[in-house]
Amino acid sequence: MTAQKDKKTATSSQDGDGKWLDAFYDPVANLYTFTQCMCFGDIHADGELKLVVAHLGTSSKDMKLKVFKGGNLMTENTLIDLPTGVVSFYMDQNMPRTPAIAVASGPHIFVYKNMRPYFKFTLPVLEVNAVEEDLWRQAREEKIDIGVLHEMIEELRQQGIELTPRSIKFLTLDPREMEAFAQIHKYGALKRQTVITCIATLNKSMAEDDAISCLVIGTEANLIYVLDPEAFTILATMRVPSVPVFMSVNGLFDVEFRIIVTCRNGTIYTLKRGMDSVSSGIELNSQPLAMSRVGKHMIVGCMDNTLRSYTTKGKKHWSIKLQSDITAVGVMDHKQQGFKATVIGLADKTVCIYRDKFLINKFTTPDVVKAILFGRFGREDGSLVMVMKGGGLLVKILKRTATFEDKGIQKGGPPSVQTLKLDVPKKTKLFVDQTIREREHGIVMHRQFMHDLQRLRLNAAKSYAESLMKSENPISNSHTEPLKLNAVVNGIGPTFKLKINLQNTSQSDPVIDMCIGFSYESSLYNIHRKHILCPMLVPGVMYTFETLVDCISDKGISDTIKVFVLKRDKSIPLISANINMPVSEPALVA
């Protein structure tokens, strides 16, 4: 206990930013597993999730399925073959909602409910090559001797034909042992059985966490099967060019789904609903060690110490070089905070957390991490479970007040905005045709443009000169009488109030001898004050003059009234304004 306490203190001191709490560490848990063989499950329907681990053992007789509650081992079941994956899924709608545990082991899937054996599914037997079957039949009827049998089977292997385990074993034997082996096995039925390499879950018709899920399994025969969770029948079969080793599944089987498969040939393939096979994929420069899906991107850890991101359409998003070899990759999906990241275990006893390509958190562990899993463990949503290379079990809990920020992570190099891709639209046929036209007739187009531009400038100058001559601007261009005019009409008729605002915009000189006149249609309107004398206009003061306007027409039409500001003894106005009169309402008769 003292050693364990010391270990806890050491790991706590190495957590630089204090975002994690050390919940449990057992250096002698004696676990040998990988990330694919770990999952969380509420196997007792009590709201407290347990850790289910498929222990690979140290020999062919020490493989077990272990269940941990907190740091204590609850139960363990013996496995008869090497496990390749463990998942938790719901197979029915019975209450209380209790998930089942599926363990992929050899050619079988062992299903446990309440950690008791419930069902065993066996992969269908593959078709045996007719020539191979005929050779063993002739050997059984003693039509060929053992030497010819060995030579013919070896020829089939060189041709790339998939052989049965019996023939493969027969080719590896010493010539002195072949006779006895053939005498024992040649009378049995010839079977070709594949094994499971990876397993995942796919929601059937609903997207809830406790919805019924289908099992998706990859096999050594380059096949992907989707299994019904109730009858355990094969719902879909798909083929990939190589043996699948990692899978990431999302969507709904009854609606639309996408299965991303990483194969041994170093290629990533994408399968969709309705597809039977796939031929093209994303080729990696190095063999993949692990794959996870974060949002709309696939994160792949490779043997050349690189972490790469690809879109679902196969485009490379980014790539970074890590400081050491990758030993484990997991997804950190904290739904309460809406936070998704990638957790990387490295060979230098370091665990790094990346959001996209930015390092947002880093801490060290007592040993090299070989398996890593983030999720709800017990009643804590932010639990990080790690299995060490030496068999230790380490559990950390994310603090509820912890926040992850990208700032300060990228300390050198160009700014991050340079990595953003511009949203350049695709070249259309119209764009290409226009480009060719501009290239061939560039001089003519430029001359026409300059001609139109000069004509526009000439028309603008003419209009401006004409407005100055007629004093149609509301602002005076005179240096001795700089005035600003604004007119507003109020009322709905038949009598309107016309307000005229006049201001001297000079800095210090007053303006005198000014008057206001009107021009209007006498058959429509009658202005009470047809001529208004202005006092001395002090600079900066707004002067308001009012007069009443009567609409004397009953035709329901309107016209424009022009307002002029004139200098005494001059016939040309300094400034003017046009007032668009509204249509008058009819007079109310008492």
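Placing one equal scatterer on every Cα of segment 443-556 and applying the Debye formula, the log10 ratio I(q)/I(0) at q = 0.09, 0.14, 0.15, 0.20 Å⁻¹ is -0.42, -0.75, -0.81, -1.09. Per residue, the convex hull spanned by the Cα atoms of segment 83-134 measures out at 96 cubic angstrom. From its DSSP helices (H runs of at least four residues, each -39,500 (n - 2.57)), the chain gives a residue-normalised ellipticity at 222 nm of -5000 deg cm²/dmol. Scaled against the 2.2 N^0.38 Å expected of a compact globular protein of N residues, the Cα radius of gyration of segment 199-322 reads 1.06. Listed by chain and number, the aspartates and glutamates whose alpha-carbon sits under 17 Å from that of K427, ignoring those within fewer than 8 places in the same chain, are E438. For the peptides 367-374, 345-352, 525-532, the ranking by packing is 367-374, 345-352, 525-532, with the highest mean count of neighbouring Cβ atoms within 10 Å listed first. Counted by Cβ distance under 14 Å from R447, the other residues give a net charge of -1, where Lys and Arg count +1 and Asp and Glu count -1. Distance from the C-alpha centroid of segment 199-275 to that of segment 299-365: 24 Å, rounded to the whole angstrom.
Taking 28 Å as the straight-line reach from the Cα of K421, the lysines in range (excluding those fewer than 8 positions away in the same chain) are K272, K296, K313, K315, K316, K321, K340, K357, K407, K411, K429. Counted by Cβ distance under 9 Å from H317, the other residues give a net charge of +3, where Lys and Arg count +1 and Asp and Glu count -1.
Within the shell of other residues whose beta carbon sits under 12 angstrom from the beta carbon of S248, the net charge comes to +3, with Lys and Arg scored +1 and Asp and Glu -1. Based on C-alpha pairs under 8 angstrom that are at least 6 apart in sequence, segment 175-218 has a relative contact order of 31 percent.
Here the Debye sum runs over all C-alpha atoms of segment 108-253 as equal scatterers in vacuum, and log10 of I(q)/I(0) at q = 0.13, 0.18, 0.21 Å⁻¹ comes out as -0.72, -1.01, -1.23. Once every Cα of the chain carries one equal point scatterer and solvent is ignored, give the base-10 log of I(q)/I(0) from the Debye formula at q = 0.05, 0.12 Å⁻¹, two decimals. Per q value, in the given order, log10 I(q)/I(0) is -0.49, -1.23. Pairs of Cα atoms nearer than 8 Å and 6+ residues apart set the relative contact order; for the chain it is 9 percent. Within a straight-line Cα-Cα reach of under 22 Å, K499 can be paired with the following lysines, leaving aside sequence neighbours fewer than 8 residues apart in one chain: K484, K530, K562, K567. Span-like helix check, the chain: qualifying full DSSP H segments, with Cα axial length of 20 Å or more and mean Kyte-Doolittle of -0.5 or more, are 442-470.
Values in this text are rule-based calculations from the coordinates and carry no lab data. Treat the numbers as computed from the prediction; the structure is a model and nothing was measured. Here Cβ is always computed from backbone atoms with ideal geometry, including for glycine, and neighbour counts include all displayed protein chains.
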